[in-house]
Structure formats: C-alpha cells, structure tokens
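Taking it in order: structure first as structure tokens, then the write-up.
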Amino acid sequence: ELDELSLEIFDLSEKLAQKSNKRVIIVFDEFQDLLLLGQDLDKKMRAKIQYHKCTSYVFMGSRRSLINKMFFDRQSPFYFIGKKMEINYISREDFRPFIKGQFQATGKEINEEIIEHILQITGGHPYFTQYLCFEVWNLTQRKVISSLVEQALFICVASQSYIYEMLLDQIRSKDRKAVLFYLAEHGSKDIFGIDSLREMEVRNPNGVNYALKALMEKEILEKGKKGEYRFVDPFFAIYLQKKGRGS
C-alpha cells in the first residue's frame, strides 16, 4: 500500500531541480504498465506532477491502445496532460547502413539486395528487423546468401509458433480470423471489395471493419501512415501464410 511518504518520491525531481536551479527531464518507458499496479497510482501521480514547474516528463509506451486510453480518455487522470508524438519505424535509408555496418564490424559481408529483402519481410520494424538480422548473422560464416535469410526466417517464426497458435485460438470470431488470413496473404488493398468479401466469406464491409477495429484493439494489427492495415508482428503474418486458412 502506498502511503503519503511513498508518494513524496514524485516530488523529488522537482525539489532537486529547484535546488540546483536546473531543469530536469524524467522519462518513463512502458508507462502503460502503471495501470497494472492499481492503487489509483495514476491519480496520485497526476495530483503531484501537475504542480511541477521545473520538471518535464516524457511518457513512452509500446501498447498503443492502453497509452491512448491513458491520455485521451476523458475519465483518465492523464487526459491531455501533454502533447502526443508518434515515433515511426526507422526509415530504410537509415536502417541499411546500420545493418551493413553491424555485419562488417564482425567480419561478415551482406549486400544491399539482401538487406532490402530483410526490410521487406519486417516492414522496417526495429525489433523484428534486428531479430531476423541476428539469426542471419548467426548462420553466416563470411558472406550472407539469400538462402540464409529464409533459414533465419524459419527459425524466427518457429520459435514463436506456440505463441501464435495460442493467439489464434483466442480469436473466436470467424470474421476476425478470416480477415487475419486474408491480410497475411494479400495485404489490405481492396479488403472491402466484393471479391475480397467473397474470399473471406464475410457478409458485408461492416463485418470487415468491425474485425479490423477489434484486431487493432488487441494490437495484432495497426494502421500505417498511408492508411494500410498491417501486422504489428510481421512474423505472425508469415506464420499464417504457411498455416493456411483451411488448416
């Protein structure tokens, strides 16, 4: 149980800032996990930090739906406490030299074509790109060849297959499963079209729309800058491609 003395820690940065006559920046990573602690900690924290004048706060989180709930729900203590900033994926232009440099630093060679292939698979997602690159690096003696990327991808997907199977079992809605398998195979272009509806066996566009919203709330899917729907975990899409809807 948090008592008043424990809550004084939220004022510590402000006191230090005032004492040193310097501004302080506090960064919270995975801030949405605060909700898991209960005890109305978000309300108690807001009650303290709203009066701070010498301390700035950065709240970061990877669970988009929970972060949005914390900062854009009118009932939340943190409702519009600050400005929202979306951090997009690292651009391919920046990722290419980084990947090449990491391989070269360990005496291994990878060409631009293979790097581009890796980025196409991962969509440029930082975590999954580095995960796949590590497995490629681990399989490589001196020079990366394209077959090693496929082997590494198999390792990545296989290592998560049990989780993917559990995730799929938790999705009870026939429409949601159909939308997932369709997106894995075709992407989101023309997903509301008649031919797409027929292939998914979904009766109307509203059914697709409801499924997409539910899957985004579960953070299985996300919406890209161009309005396209994509998998948060690109390896899950590959798992579904290999599994096939009828299996």
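The values are calculated or read from the model by the stated rules, or taken from the named source; none is laboratory data. All values reported here derive from a predicted model rather than from experimental measurement. All Cβ positions, glycine included, derive from the backbone under ideal geometry; neighbour counts span all protein chains shown.
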field: Residue list for segment 109-157, restricted to those being part of a helix (DSSP H, G or I), among the small types (G, A, S) and surrounded by fewer than 18 Cβ atoms within 10 Å (Cβ to Cβ)
entry: S146, S147
query: All but one of (1) surrounded by 14 or more Cβ atoms within 10 Å (Cβ to Cβ); (2) farther than 21 Å from G244 by Cβ hold for A184; which doesn't?
result: (2)
- prompt: What number of residues within segment 11-40 are assigned to a helix (DSSP H, G or I) and modelled with pLDDT of 80 or more?
  reply: 13
Subset of segment 47-94 [among the polar types (S, T, N, Q) and either touching an Asp or Glu at 6+ places or on another chain (Cβ under 8 Å) or within 22 Å of E222 (Cα to Cα) (or both)]: T55, S62, S65, N68, S76, N88, S91
statement: Quick count over segment 194-234, residues being under 28 Å from L119 (Cβ atoms) and basic (K, R), is 5
task: Give just the number: which of (1) farther than 19 Å from S56 by Cβ; (2) among the aliphatic types (A, V, I, L, M); (3) in a loop (DSSP other than H, G, I, E, B) does I87 not satisfy?
output: (1)
task: Tell me, yes or no, whether segment 101-108 has at least one residue that is at pLDDT 90 or above, surrounded by 15 or more Cβ atoms within 10 Å (Cβ to Cβ), out of contact with any Asp or Glu (no Cβ under 6 Å at 6 or more places or on another chain) and basic (K, R).
output: yes
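Going by the conditions given, is I115 under 16 Å from Y239 (Cα atoms), among the β-branched types (V, I, T), without any contact (Cβ under 8 Å) to a residue 40 or more places away in the chain and not assigned by TED's automatic domain parsing to the domain that holds F235?
Spelling it out, it is not the case that I115 is under 16 Å from Y239 (Cα atoms), among the β-branched types (V, I, T), without any contact (Cβ under 8 Å) to a residue 40 or more places away in the chain and not assigned by TED's automatic domain parsing to the domain that holds F235.
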query: If a residue has to be closer than 12 Å to G187 by Cα and buried (at least 21 other Cβ atoms within 10 Å of the Cβ) to count, how many in segment 217-241 make the cut?
result: 4
- request: Take the residues in segment 188-216 that are of a type in the set (G, A, S) and surrounded by 13 or more Cβ atoms within 10 Å (Cβ to Cβ), then tell me which one is nearest to the chain's Cα centre (by Cα).
  value: A214
message: Take F78 and tell me if it is at pLDDT 85 or above, surrounded by 16 or more Cβ atoms within 10 Å (Cβ to Cβ), in contact with a Phe, Trp or Tyr (Cβ under 8 Å, 6 or more places away or on another chain) and in a helix (DSSP H, G or I).
response: no
task: From the list S13, S65, pick out the single residue that is among the hydroxyl-bearing types (S, T, Y) and either closer than 27 Å to K226 by Cα or loosely packed, with under 15 Cβ neighbours inside 10 Å (or both).
output: S65
